[in-house]
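Report on the following structure.
The values are calculated or read from the model by the stated rules, or taken from the named source; none is laboratory data. If you're wondering where the values come from, they're calculated on a predicted model, not measured in any experiment. Here the Cβ positions follow ideal geometry from the backbone for every residue, glycine too, while neighbour counts run over all protein chains shown.
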Amino acid sequence: MIQVDWSRKRFEAIRETLLPFLTTQTGFDKNKVSFVPVGAMSGENLVERNNEILKSWYEGKTLIETLGTFQSSISIYSQELIG
């Protein structure tokens, strides 16, 4: 996102491109797919949001907050032990 100066338009274009792929070709549930704009090199929006441009249009969770909401569909305790 840093490369595109935190462009909301670019973020939305990426989401619009990836969402159909994730939901129709790979089977993800549309209601469980999240998109989070991050600046990996700067750490922006990984744990906290400081960038004023990003703050002006993105009100969602940080990446860490989003990861904290994931629920696994497979329980390691429901699988048989080999051995």
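Things worth noting here:
- Test: Leu22 is within 13 Å of the chain's Cα centre (by Cα), farther than 16 Å from Gln3 by Cα and not in a helix (DSSP H, G or I): no
- For the criterion of being within 16 Å of the chain's Cα centre (by Cα) and more than 12 Å from Trp6 (Cα to Cα), Thr62 passes.
- Residue that is modelled with the lowest pLDDT [pool: residues in region 25-59 that are under 11 Å from the mean Cα position of the chain (by Cα) and of a type in the set (A, V, I, L, M, F, W, C)]: Val33
- Residues that are closer than 20 Å to Asn51 by Cα and out of contact with any helix residue (DSSP H, G or I) (no Cβ under 9 Å at 6 or more places or on another chain) within region 15-39 are absent altogether.
- The C-beta contact set for region 17-30 (first residue at negative phi, second residue surrounded by fewer than 10 Cβ atoms within 10 Å (Cβ to Cβ), distance under 8 angstrom, 6+ apart or interchain) comprises Thr23/Asp29.
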